[in-house]
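Below is one structure, written out as structure tokens, with a few remarks after it.
Values quoted throughout were computed directly from the atomic coordinates according to the rules given, and no laboratory measurement underlies them. These figures come from a predicted structure and were not determined experimentally. Every residue, glycine among them, receives a Cβ derived from its backbone with ideal geometry; neighbour counts consider all protein chains shown.
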Amino acid sequence: MVFKNLHGEDCKLKKLKDVGERWITRYINSTLREKVEKLSRLSVGDDAIDIPSPQKILVAIDMMVEETDIPRGISWRDVGYRAVTSTTSDIAAKGGKPIAYLVSLGLPPNMLLQDFEELWKGIIEAAEIYGGVVVGGDTNTSSKVIIDVVCIAEPPQRLVSRSGARVGDIVAVTGLFGSHSAGLHALLNNIEDDTAIKAIEKMLRPVARIKEGRVLSEYATSCIDSSDGLAESLYILSESSNIGFRVDHPPIDVIAEKYSEKHSVDLLDLVFYGGEEYELVVTIKPEVWEEACREIEEVGGRLIKIGHVIDEPGKIYVRWGGEFIELRKRGYTHFLESSFSR
């Protein structure tokens, strides 16, 4: 799209402060109108939007802030995609099916229009991938970019909480870990070898496990997404269910393993403490394990057994280097960790 002002002049290199909120709102509405009109009885840009829904709905919200959540070197399109994926991953953990998204943006007046367009394209792209429609939101000025995404979803017949894990359950994940944190390390340190590029590509385009979550809602005893790291997710399940875990088979991504060897980065940190993998961490009764695996494969996913639930509340042991070690409780926490800068 070539940006035009009210006089039809090309303004691609202008900034948001040159066009104002009305222009931004008109642009956003123009990208939403066709799909919103198919979904709602109200028009895009109205005070509110009505959406078709079952008697109950599932709602999740997540915020992305430039200083803490957006590393330098990532494109604005990928930023928008990741913002929607982050919220959608929470819905996936509960087995929800996205219906609609509300997106609120805090935008710096000096942001280039072309950067804003790329950000918005990433938001729309991700929403379409996950089967939802962006129906509205809000905009305001901000010193740095802030993206707040709400997802409204259809819940499954059976909701799975974080507190249902029982001793003897299998603990499993929907993917391998470590490549995303390797990609972030490579991005922040300007590393561009083949392994680093593969890791960065995976980090830039994570996938919320919507289909897998829908299936797991029928089988899981507890479930959480891994956006704050595998270790943190295991500890949250442990605290919520008052149990512990023994991880016999750490889910190590071969990309992370190669990156660790090549660049002397601790592999345990990459696998357990990186975050933003957006895989699901679940516990399942052994008697339904094989059936759950078959159904996950039918929707194109996979379920990887990594260990068992044990009767030691708050304890997580991992087989690492031929022996069991106790996993420290450490993950990404806002207000405590250092920030990114673009």
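With the contact rule set at Cα under 8 Å and sequence spacing of 6 or more, what percent relative contact order holds for segment 16-154? Dividing the mean separation by the residue count of segment 16-154 yields 36 percent. Could you work out how far the C-alpha centroid of segment 68-82 sits from that of segment 103-131, in angstrom? When both Cα centres are located, 10 Å separates them.
For the chain, the relative contact order is 22 percent, taking Cα pairs closer than 8 Å that sit 6 or more residues apart in sequence and dividing their mean separation by the residue count. Which whole-number percent of Cα pairs in segment 236-316 have a distance greater than 19 Å? Roughly 51 percent, once rounded to a whole number. A helix-only calculation puts the chain at -11500 deg cm²/dmol for mean residue ellipticity at 222 nm, using -39500 (n - 2.57) for each DSSP H run of at least four residues, averaged over all residues. In plain terms, the residue of Cys293, Cys151 with the fewest other Cβ atoms within 10 Å comes first and the most crowded comes last, giving Cys293, Cys151.
Across Ala48, Ala182, Ala127, mean-square fluctuation computed from a Gaussian network of the chain (C-alpha pairs under 10 Å connected) peaks at Ala48.
For the residues Ser179, Ser89, Ser161, a GNM of the chain with alpha-carbon springs under 10 Å puts the largest fluctuation on Ser161. If you take the square roots of the eigenvalues of the alpha-carbon gyration tensor of segment 192-236 and sort them as a ≥ b ≥ c, do you get rounded (a/c under 1.5), prolate (a/b over b/c) or oblate? Taking the square roots of the gyration eigenvalues as a ≥ b ≥ c, segment 192-236 is oblate. Counting other Cβ atoms within 10 Å as a rough exposure proxy, the listed residues Ser227, Ser43 run Ser43, Ser227 from fewest neighbours to most. Ignoring lysines fewer than eight residues from Lys258 along the same chain, the ones with Cα atoms less than 20 angstrom from its Cα are Lys198, Lys202.
Summing charges over neighbours of Asp62, with a neighbour being any other residue whose Cβ is under 14 Å away from its Cβ, gives -4 when K and R count +1 and D and E count -1. The residues Ile224, Ile24, Ile99, when put in order of fewest to most other Cβ atoms within 10 Å, stand as Ile24, Ile99, Ile224.
Pairs exceeding 23 Å between alpha-carbon atoms, taken from Lys56/Lys94; Lys15/Lys38; Lys15/Lys121: Lys15/Lys38. Its convex hull of Cα atoms gives segment 16-154 a direction-averaged projected area, equal to a quarter of the hull surface, of 8.1 nm².
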